[in-house]
Amino acid sequence: MVRLIIRRILISIPLVVVVTLLTFLLQSLAPGDTARAILGESYTPEAHAQLSHELGLDRPMLVQYWDWLTHAFRGDLGVSPISGIDVAPEIANRLSVTLSLTVGTAILAVVIGVGLGVLSAVRRGRLGRAVDVISLVGFALPNFWLALVLVTVFAVAIPVLPATGYMPLADSPGGWLVSLVLPVATLATSAVAVMAKQTRDAMLDVLSRGFVHSLRANGVSETSIIFRHGLRNAAIPVVTVLGLLFVNLASGSVLVEAVFAMPGLGGLAVQASTQHDLPTVQGVALVFTLIVVVVNLVVDLAYGWLNPKVRVR
Amino acid sequence: MNGVNHSRSRIAEVRSARWRAGRLVALLIAVIVIMVTAGACYGQRAGGAGASGEPADQLNIGSGFVPNSLDPAKINAAMAWYVNLAYDPLIYWAPDGKLQPRLATSWKYLGEGNRVFELKLRENVTFSDGSPFTADVVKKNIEYFRDAGGESAASLTSVEAVDAVDRSTVRITLSSPDPSLPMVFTQNRLAGNMISGKAIDNPGLLATATAGAGPYVLSEDETVASDHYTYKPNPSYWNKQDVHYGKVVIKVLPNPNTALSALKTGQVDVIQGQYTTAGAAESAGLNVAHAPQVFTGLALADRAGELVPPLADVRVRRALNFAVDRKKITGGLFGEYGTPTEQIVLSGQDGYNDKSFYSYDPEQARRLLAEAGYADGFSLKVVSSANTSAIAQAIADDLGKVGVRLELTNHNDPTNYLRDVAGGEFAAYAIGFGTMPVHLMGPRLFLPSAAQFNPMRSSDPSIESWYRDAAAADAKGRAELDRRIVARLAEEAWFVPVSFIPVFMYSSTSVTGVELTPQRPASNPVEWRPS
């Protein structure tokens, strides 16, 4: 286990370098530049040249990247040339928002999605078809539209939940929970659909296998067959999907963050990209890469726990 | 017997499963009830001042912009609220358009020619960091604003020397005449927002903190950058009667629909609006204030015909102005809130000509094009932004009817739009330009030095001569020369102005003083009070 973790961490180092280098090059090649964004309507060629020099943007790209990388490995993600704010604490603040949304949604997806999937696989018939329909509807509803509908219903028409905003957990646990209800419900709609569909299909496959008939013939209770044997065997593809879902949620919640005015990482990434704020874009890319690495590691560890054969490999 | 036992165990199993399912449902219902109850309590707490239980001394503002900086010398004018609360200006631009004393008690130009400007300063004023407000600090401020490269720097390029004559008198000597310094030193033109001398010595701090002599000071502990900014009263403020709230919070709400929802639910008390949501705001019973501010249309950048030869002929540029149905476009895009215009300034404003230059006359447009040798029309590359793409499309439709084909490129990213406008590869661009005195417009819009909005460096000797004369003239002489400049721009058809579009402010009934007027189409949060 420890060797697996160490190996993964070592593999992640070149991954981080490649992703951040690609991000740097792509952002540098995009039209516009930081000095242009700062000058805005005050642009003159002379002012642009002077500001580019002051910001070090006239140095070769690889020199700029190396400078960023060496500082990043020391934990210094630099200062935003647009806002003058340190990038690391800014990202830390926003990471808590994105993780609250992502983890909350993942929990709902597991509890409700897996529950619905198991229920429909066991009962089949109408319930199974209902889960299929719910999954289709969940897939089809655009997050952005659903968020506006939820705000209109639960914040404006029936004012029981806040329309916008995020309350840090440290400030008020109750407020934090309440501020997450609508955004998490928005994100969870499609996540639950994905998990329910995946769980149902995996469970149907497992429950149709021969060893399940043998267990029944030996008088093993149905509960034990479903939860101890069926769900455990069906869990591997479900965990895989959950891992992908988590990464997608972390990087794809930007629209929901925008509708609910939540200061998450997605919004920061979009804002920094449009302003050509390279240190912030690089910092966000680094954090997203680390999230992918950590989630993949957790998924691998879960495989090992669910299927001991995986541990041997 | 075994069969009977098996059936009993199945029945027990099913009952057990049902009991567990029932328990789960009960638990879910309990969680929902708790959350809804907590939500109701939260909703009450998050309400606006006086609207739903919030202490009446808190003002919650929704802003569509994340400030690019909190430094008054670097922040964009569109985000002025973030500095208005913490920095008092030298001169106050009141809603009626008049200039009033604030940190400067009086001001005047010395001698003739608008080359030497003197300010008398208020005494016994201290900044929020405890340092004194003196003539030396004002000198330091003006030099800092001039050299910081922000929006106000362009208005201070002619500042040659700043002298602290005595503790409360500052004299500014200019390299060329400039009649607009009183306006430049107001809160909305930014350069008047005085920063403490200590902070100017360490300007990095100004990105995340405030150091002004205004009614409030940023509470850094209660601020999360890019999300919300909390201001508390400045204990050393010189004019305590202007402090109306115990706390002011600016919440960043970039999405207009989200902002409107937040206002409707009482989470915020005031937001910036836009014409797309104005009807919904009025229907919801909110106070809607609006005033025309931005002239929008086409800027024909290639007036010498370097990229598109037909544009060198003034008859062609006039034809484009005759071909556009301003009334129809304005009504269609902006409804009752838009004002059709043939000039780049508003009626009643500095430089306005009380006459019509271009009525809608497509036949006249066709005649002028034929006279110029372009009866079959021509093509024109035009770049637009997110804010101007709709008007560019509407103009393209009208010009298409007289044979002029616009090839539109739209950039939602303002940086790319500005890059292309200044890049000189587009013969025309769709423009949205906030109205301002003609003297301030010159170096930004129509003089050869306007690098951003006059990318092909178009020049007109008459305009430049009148502009120089107006800079040195008294108010009456300047008014006449400004009128000539605006008329010349219209007759030479450098632009195809179509509409003035308004700025909007929406506020709940818990707040008063949220005003927009044609004389000052910007509202200042220090004027807002509990109703």
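The values are calculated or read from the model by the stated rules, or taken from the named source; none is laboratory data. Since we're looking at a predicted model, the values are computed, not measured. For neighbour counting, all protein chains shown are included, and Cβ atoms are generated from backbone atoms with ideal geometry for every residue, glycine included.
Going through B:Ala86, B:Ala154, B:Ala104 one at a time, which residue ends up being under 29 Å from the mean Cα position of the chain (by Cα), within 14 Å of another protein chain (Cβ to nearest Cβ), small (Gly, Ala, Ser) and within 30 Å of B:Ala207 (Cβ to Cβ)?
The conditions single out B:Ala154.
For the stretch B:109-126, which positions are of a type outside the set (S, T, N, Q), outside any loop (DSSP other than H, G, I, E, B), surrounded by fewer than 19 Cβ atoms within 10 Å (Cβ to Cβ) and touching a Ser or Thr at 6+ places or on another chain (Cβ under 8 Å)? Before you say what the answer is, go through the steps one by one.
Here is the first cut: in the stretch B:109-126, the residues of a type outside the set (S, T, N, Q) are B:109-113, B:115-123, B:125.
In the following step, the residues that additionally are outside any loop (DSSP other than H, G, I, E, B) were identified as B:109-110, B:116-121.
Within this subset, residues satisfying the condition of being surrounded by fewer than 19 Cβ atoms within 10 Å (Cβ to Cβ) are B:110, B:116, B:118, B:120.
Residues satisfying the conditions are B:Val116, B:Glu118, B:Lys120.
Name every residue in the stretch B:273-291 that is of a type in the set (A, V, I, L, M, F, W, C) and in a helix (DSSP H, G or I), in order of residue number.
B:Ala278, B:Ala280, B:Ala281
From the set of residues in the stretch B:431-464 that are more than 18 Å from B:Glu492 (Cα to Cα) and away from chain A (no Cβ under 13 Å), which is nearest to the chain's Cα centre (by Cα)?
B:Thr435
Report yes if some residue within the stretch B:301-317 is under 30 Å from B:Ala450 (Cα atoms), crowded, with 23+ Cβ neighbours inside 10 Å and among the small types (Gly, Ala, Ser); otherwise report no.
Yes, the conditions are met somewhere in the stretch B:301-317.
Within the stretch B:419-440, restricting attention to residues that are among the aliphatic types (A, V, I, L, M) and touching a Ser or Thr at 6+ places or on another chain (Cβ under 8 Å), which residue is surrounded by the fewest Cβ atoms within 10 Å (Cβ to Cβ)?
B:Leu440
May I ask you to say which residue of B:Ser384, B:Ser379 is more than 14 Å from chain A (Cβ to nearest Cβ), assigned to a strand (DSSP E or B) and closer than 24 Å to B:Thr276 by Cα?
B:Ser384
State the number of residues belonging to the stretch A:219-268 that are in contact with a Gly (Cβ under 6 Å, 6 or more places away or on another chain) and not aliphatic (A, V, I, L, M).
2
Restricting attention to the stretch B:196-204, does a residue exist that is in contact with a strand residue (DSSP E or B) (Cβ under 9 Å, 6 or more places away or on another chain), of a type outside the set (A, V, I, L, M, F, W, C) and modelled with pLDDT under 95? It would help to see each step written out before you state the result.
We begin by selecting, within the stretch B:196-204, every residue in contact with a strand residue (DSSP E or B) (Cβ under 9 Å, 6 or more places away or on another chain); these are B:196-197, B:199, B:203-204.
Applying the additional criterion that residues be of a type outside the set (A, V, I, L, M, F, W, C) yields B:196-197, B:203-204.
Add one more test, that the residue is modelled with pLDDT under 95, and what stays is B:203-204.
Looking for residues that are in contact with a strand residue (DSSP E or B) (Cβ under 9 Å, 6 or more places away or on another chain), of a type outside the set (A, V, I, L, M, F, W, C) and modelled with pLDDT under 95, one finds at least one in the stretch B:196-204, hence yes.
Return a yes/no flag: does the stretch A:267-282 have any residue that is assigned to a loop (DSSP other than H, G, I, E, B) and more than 14 Å from chain B (Cβ to nearest Cβ).
There is no residue in the stretch A:267-282 that is assigned to a loop (DSSP other than H, G, I, E, B) and more than 14 Å from chain B (Cβ to nearest Cβ).
Sort out which residues of the stretch B:241-265 are within 14 Å of chain A (Cβ to nearest Cβ), part of a loop (DSSP other than H, G, I, E, B) and among the hydrophobic types (A, V, I, L, M, F, W, C), and write them in order of number.
The one that is within 14 Å of chain A (Cβ to nearest Cβ), part of a loop (DSSP other than H, G, I, E, B) and among the hydrophobic types (A, V, I, L, M, F, W, C): B:Leu253.
Out of B:Phe495, B:Phe504, B:Phe500, I need the residue that is touching a residue at least 60 places away in the same chain (Cβ under 8 Å), of a type in the set (Phe, Trp, Tyr), more than 14 Å from every other protein chain (Cβ to nearest Cβ) and in contact with a His (Cβ under 8 Å, 6 or more places away or on another chain). Which one?
B:Phe504
State all residues of the stretch B:175-204 that are in a loop (DSSP other than H, G, I, E, B) and free of Cβ contacts under 8 Å to residues at least 12 places away in the same chain; if no residue qualifies, say none.
B:Asn202
Sort out which residues of the stretch B:200-218 are buried (at least 24 other Cβ atoms within 10 Å of the Cβ) and within 12 Å of another protein chain (Cβ to nearest Cβ), and write them in order of number.
Once the filter is applied, which keeps residues that are buried (at least 24 other Cβ atoms within 10 Å of the Cβ) and within 12 Å of another protein chain (Cβ to nearest Cβ), the stretch B:200-218 yields only B:Leu206.
Identify the residue in the stretch B:75-108 that is among the charged types (D, E, K, R), part of a loop (DSSP other than H, G, I, E, B) and touching a strand residue (DSSP E or B) at 6+ places or on another chain (Cβ under 8 Å) and, among all such residues, is nearest to A:Ala37 (Cα to Cα).
Among them, the one singled out is B:Asp88.
In the list A:Phe211, A:Phe227, which residue meets the criterion of being within 14 Å of chain B (Cβ to nearest Cβ) and either in a helix (DSSP H, G or I) or polar (S, T, N, Q) (or both)?
A:Phe227
Name the residue that is modelled with the highest pLDDT, counting only residues in the stretch B:228-240 that are part of a loop (DSSP other than H, G, I, E, B) and in contact with a strand residue (DSSP E or B) (Cβ under 6 Å, 6 or more places away or on another chain).
B:Asn234
Name the residues in the stretch B:44-73 that are modelled with pLDDT under 90, within 8 Å of another protein chain (Cβ to nearest Cβ) and buried (at least 23 other Cβ atoms within 10 Å of the Cβ), would you?
Correct list: B:Ala46, B:Pro67, B:Asn68, B:Ser69.
Given the condition at negative phi, crowded, with 17+ Cβ neighbours inside 10 Å, outside any helix (DSSP H, G or I) and touching a helix residue (DSSP H, G or I) at 6+ places or on another chain (Cβ under 8 Å), answer yes or no: does some residue in the stretch A:250-261 qualify?
Checked the stretch A:250-261: at least one residue is at negative phi, crowded, with 17+ Cβ neighbours inside 10 Å, outside any helix (DSSP H, G or I) and touching a helix residue (DSSP H, G or I) at 6+ places or on another chain (Cβ under 8 Å).
Has the stretch B:278-287 got at least one residue that is away from chain A (no Cβ under 14 Å) and over 30 Å from A:Ala147 (Cα atoms)? Break it down stepwise before answering.
Start the filter on the stretch B:278-287 by keeping residues that are away from chain A (no Cβ under 14 Å), which leaves B:278-279, B:282, B:287.
From what is left, the residues that are over 30 Å from A:Ala147 (Cα atoms) are none.
No, the stretch B:278-287 has no match at all.
Is at least one residue of the stretch B:236-245 under 21 Å from the mean Cα position of the chain (by Cα) and surrounded by 17 or more Cβ atoms within 10 Å (Cβ to Cβ)?
Looking through the stretch B:236-245, none of the residues is under 21 Å from the mean Cα position of the chain (by Cα) and surrounded by 17 or more Cβ atoms within 10 Å (Cβ to Cβ).
Considering only residues of the stretch B:255-281 that are touching a Phe, Trp or Tyr at 6+ places or on another chain (Cβ under 9 Å) and over 23 Å from A:Val160 (Cα atoms), which is modelled with the lowest pLDDT?
B:Tyr275
So which residues in the stretch B:152-199 are surrounded by fewer than 21 Cβ atoms within 10 Å (Cβ to Cβ), farther than 30 Å from B:Leu481 by Cβ and of a type in the set (A, V, I, L, M), if there are any at all?
Those that are surrounded by fewer than 21 Cβ atoms within 10 Å (Cβ to Cβ), farther than 30 Å from B:Leu481 by Cβ and of a type in the set (A, V, I, L, M): B:Ala164, B:Val165.
Quick one: A:Val284 ticks every box in (1) touching a helix residue (DSSP H, G or I) at 6+ places or on another chain (Cβ under 7 Å); (2) surrounded by fewer than 18 Cβ atoms within 10 Å (Cβ to Cβ); (3) farther than 30 Å from A:Arg123 by Cα except a single one, so which number is it?
Just one mismatch for A:Val284, condition (2).
May I ask you to say which residue of B:Gln343, B:Gln274 is more than 24 Å from B:Val382 (Cα to Cα), touching a residue at least 12 places away in the same chain (Cβ under 8 Å) and among the polar types (S, T, N, Q)? Can you show your working first?
Working: B:Gln343 fails: more than 24 Å from B:Val382 (Cα to Cα).
Result of the check over B:Gln343, B:Gln274: B:Gln274.
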